[in-house]
Amino acid sequence: PGVACCFSFDQFLAGMAAFLAVGQHSSSLAAPDIASAAPPRVWLPNGSAQPQRHFGPAPEDGKSRLWCCPLLGGVVVGFTVAQRRRLAAANAAAAGGRRAVAGVRAASACRRALAVTARSSDGSSSWRDWSAKLGILAEKVDVQMLRGAYDADLRGMCATADIDNDEALIEVPAEHVLQVATGEGCPLGNRVQAECWRDLQWWAQLAVLLVYEVQRGSASPLAPWVDSLPRDFASLPLNWSDAELEGLAYPALRADVRKQRDELAQAFAAAARGCDFELPEEDFIWAVQVVRSRAFSGPYEGRKSDDRLVQLALIASLLVGGVGSGQVSVESGLNGAFVAALAIPLTDFFVGASAKLKRHVVCPVVDYLNHDSKVSSDIAYEYFADKFAVRVIGGFRAGEQACINYGESRSNDALLQYYGFVERDNPHDTYELEILQHLDAEAAAAGEVLQVTLSRKGPDGSSLAKLRHLLADEAECGGRKPAEMTEPLSLANEKLVWRAVTLGCEAELDVLSQKVAAPMDEVGLTAQRFREEKRKVLTACRAHAQARFCRPSSPAPLSLATGKVVLPMFEGSSSWSHEWADRLLAPAHAAALRDVGYTVVPEAFDAGLAARCLEECGKLDAASRATVTTNSCNSGSRSLWLEFDSAARREALQSEYPALYELSRMLAGLPKRTEELGALGSGLQVHPAVMVAMYPEQGAEYAVHKDSYAPRDNDPATGATRRLTVLAYLNDWHECDGGELRLHESPGDRPDSRRFEAVAPTAGKVVLFDSPRVWHAVAPSQRGDRWAVTLWVH
């Protein structure tokens, strides 16, 4: 208040507006990728090894950032995508909860294992009655019985009406959630010893609160929700026998489960000593499993809503007292009170960010939402409303299942360990491998280990560094540690690394191919699904590693003529007219380009020409003229540029690869015809070159992206000036071969990964789309190598 009196009220407001504007601008997400498309609010990542239910990616740079955006009139604080991903990785050691529940062997698995669970005693529809009494808003969703990915029954929520993009699915008042926070005392007061409470991990604290609510019975406002919780978790590996764990054929998860059981036993012993009420071990173990399958975490601002109300009341009383006594003028008093009141949320945000305080929450009703890795969902604590809200990019249509993403980078290891199910074709699945046993049996027998993490695109950065260090000679090593080997040491060392990855994948595939003698009950079927998903990861990783071992690689495609990176050179579209293009495109195609951003033309060119082009592509690939892409978005694909920007290059290309030259000239005529039809305006320029790209079977895909991010990026070298993308497909493709082009819906220029038009890459088909407008992706090829030719118009 003293400082505020130095300024007029108008000056103060102008200054604060400028401060908030700078705060928002400084937090802009610059990375042009799918993950950065969603504007952050109060993202709530979880603090466990992987995001624990309803959780976005965790932070990578360790910095919380202030965001000022309208959300129920509030100022909110958000994690960037990079920050959220790091938060999950930084807590990878906190697995928690590790002790088998004696006698748990029910025939039905819990809901998270895609089976039916116990419902509340007064019927499945009663959830809406008791949730309304708690002030929980979920007007456009309802609980229904559904069919899961493996045709099992599961409970979930469906949209009963259209839910708009970013509209709240569910809103839960903070007073009716189970919640613990960093450094805060036990909500039960002296019912739990303070020292004991501080020593318990967050999941054990929440489990204690849940057991207490259970013991309160009907006196608890959460009693109906507690009644609806599953009573057994037979699908969780925590409760499997040793023989059943062996059926996974996956040592990494078996080790994690053993660690989980140990931690759970230790947590129960500590909690039982500190509670002054009865804490049965069976109840505690049950509560931990509920919590670990339903909790989410995020930033905590350091005080509760009641504390904020007390402070506001104090400010009001000081204002009234100061003005009433004549000590301060009305204007000065109002200025001071305004600053003091504004300081409360700002202090909360900065304290929460700087101290890295965390809250861990279990929200009733939110836990009825199932998981879908294709969904981009946000769960935000809305500061001024003091509630939690669930939102999904793209929303839902009436009749669709309403899902959230339990974590944007969750492998099947985490999904099975904490939720009891396996996600089919999980794009984030990994394979944890002790690779030294396959490379140096003597060292492995002596107890040495080298743990690496493999994905469909190969080892992660840390694993690559470890392998480079392992396989480096003394001169290459130079006394450096593995963590310092983030870049290739030499071509020879890099080839050894990828050869080692290939050997490791092949050895593990042999292990997974061996028949496992296990009963085909629910647990046995789950283990079988898990092994199949791990086989897919290893197969794709092996294909990628073989290509990297045998072929040259580069971050971007290189020129066939020069062997160097190609920088675009432009010519007016009128220089590249072609009769084929004039006949092909009709006004209807131009209208589609304008209205929806793309048009698909099947059988645009002769199948014979496609076959000849495909033969020439095979010739180029056999000669290793196409380099393996190391770019993380489409790692594993192989590509090269065919330039025809000069008479000499046209003559050389036509002589050696006549079919590809013919197709390239045909495609180059499309921009002029597009201009004539008025599809994308005037001034289109042709880059006289096409990119030939191959996606090997099981070895590559392209994540959701745009071909131009203008005006954010204006560098021609990155494709920022691209205006039109032209694709031509060469393969004799069949249904279920995969490799389709996916043209995504993008409400608010944020791609909805669930909704897209799938375009099969069949021979002779041409696709044109608006480069800076259309979000698109390439699905993995399931059978055969997928070839395409791309022309970009600027």
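The values are calculated or read from the model by the stated rules, or taken from the named source; none is laboratory data. Not measured: the values here are computed from a predicted model. Virtual Cβ from ideal backbone geometry, glycine too; neighbours counted across all protein chains shown. The area values use the complete protein model at the heavy-atom level, side chains included, leaving out ligands, DNA and RNA. Shrake-Rupley method; radii C 1.70, N 1.55, O 1.52, S 1.80 Å.
Screening S632 against (1) modelled with pLDDT under 95; (2) in contact with a Lys or Arg (Cβ under 6 Å, 6 or more places away or on another chain) leaves a single unmet condition, (2). Just checking, does segment 210-218 include any residue being touching a Cys at 6+ places or on another chain (Cβ under 9 Å), at pLDDT 95 or above and within 20 Å of P280 (Cβ to Cβ)? There is at least one residue in segment 210-218 that is touching a Cys at 6+ places or on another chain (Cβ under 9 Å), at pLDDT 95 or above and within 20 Å of P280 (Cβ to Cβ).
Taking the criterion of being without any contact (Cβ under 8 Å) to a residue 40 or more places away in the chain and either of a type in the set (A, V, I, L, M, F, W, C) or part of a helix (DSSP H, G or I) (or both), the residues of segment 204-222 that qualify are L209, E213, R216, G217, S218, A219.
If you take the residues of segment 233-289 that are hydrophobic (A, V, I, L, M, F, W, C) and part of a loop (DSSP other than H, G, I, E, B), which of them is surrounded by the fewest Cβ atoms within 10 Å (Cβ to Cβ)? Across segment 233-289, the extreme among qualifying residues is F277. Within segment 556-566, identify whether any single residue is open to solvent by 30 Å² or more (accessible area, probe 1.4 Å), hydrophobic (A, V, I, L, M, F, W, C) and outside any loop (DSSP other than H, G, I, E, B), and answer yes or no. Yes, segment 556-566 contains at least one residue that is open to solvent by 30 Å² or more (accessible area, probe 1.4 Å), hydrophobic (A, V, I, L, M, F, W, C) and outside any loop (DSSP other than H, G, I, E, B). Applying the criterion of being surrounded by fewer than 16 Cβ atoms within 10 Å (Cβ to Cβ) and not small (G, A, S) to the residues of segment 387-407, the residue that is nearest to D166 (Cα to Cα) is R397. Against the condition farther than 30 Å from T160 by Cβ, open to solvent by 50 Å² or more (accessible area, probe 1.4 Å) and free of Cβ contacts under 8 Å to residues at least 60 places away in the same chain, how does L491 come out, does it pass? Taking the combined requirement at face value, the residue satisfies it. Among all positions in segment 194-202, there is at least one residue which is among the aromatic types (F, W, Y), surrounded by 17 or more Cβ atoms within 10 Å (Cβ to Cβ) and outside any strand (DSSP E or B).
Only one of (1) closer than 27 Å to A270 by Cα; (2) out of contact with any Leu (no Cβ under 7 Å at 6 or more places or on another chain); (3) in a helix (DSSP H, G or I) is not met by P230, so which one is it? Unmet for P230, out of (1) closer than 27 Å to A270 by Cα; (2) out of contact with any Leu (no Cβ under 7 Å at 6 or more places or on another chain); (3) in a helix (DSSP H, G or I): (3). If you take the residues of segment 183-193 that are open to solvent by 30 Å² or more (accessible area, probe 1.4 Å) and in a loop (DSSP other than H, G, I, E, B), which of them is farthest from H360 (Cα to Cα)? The selected residue is Q193. Among the conditions (1) surrounded by fewer than 19 Cβ atoms within 10 Å (Cβ to Cβ); (2) more than 32 Å from the chain's Cα centre (by Cα); (3) at pLDDT 90 or above, the only one that A472 does not satisfy is (1). Scoring A152 on the criteria (1) in contact with a helix residue (DSSP H, G or I) (Cβ under 9 Å, 6 or more places away or on another chain); (2) open to solvent by less than 80 Å² (accessible area, probe 1.4 Å); (3) at pLDDT 90 or above; (4) not aromatic (F, W, Y) leaves a single failure, condition (3). Being within 25 Å of S126 (Cα to Cα), modelled with pLDDT under 95 and buried (at least 22 other Cβ atoms within 10 Å of the Cβ) holds for only one residue in P230, P224, and it is P230. For segment 654-689, taking the residues that are part of a loop (DSSP other than H, G, I, E, B) and of a type in the set (S, T, Y), the one that is surrounded by the most Cβ atoms within 10 Å (Cβ to Cβ) is identified as Y657. Please indicate, with yes or no, whether at least one residue in segment 530-540 is more than 17 Å from V789 (Cα to Cα), part of a strand (DSSP E or B) and out of contact with any Phe, Trp or Tyr (no Cβ under 6 Å at 6 or more places or on another chain). No. Can you find a residue in segment 534-549 that is in contact (Cβ under 8 Å) with a residue 60 or more places away in the chain and loosely packed, with under 14 Cβ neighbours inside 10 Å? No: segment 534-549 contains no residue that is in contact (Cβ under 8 Å) with a residue 60 or more places away in the chain and loosely packed, with under 14 Cβ neighbours inside 10 Å. Hey, could you check segment 361-386 for residues that are modelled with pLDDT of 90 or more and farther than 18 Å from E408 by Cβ and say which is surrounded by the most Cβ atoms within 10 Å (Cβ to Cβ)? Checked segment 361-386; the qualifying residue surrounded by the most Cβ atoms within 10 Å (Cβ to Cβ) is C363. Inside segment 440-468, residues that are out of contact with any Ser or Thr (no Cβ under 9 Å at 6 or more places or on another chain) and open to solvent by 60 Å² or more (accessible area, probe 1.4 Å) make up a count of 8.
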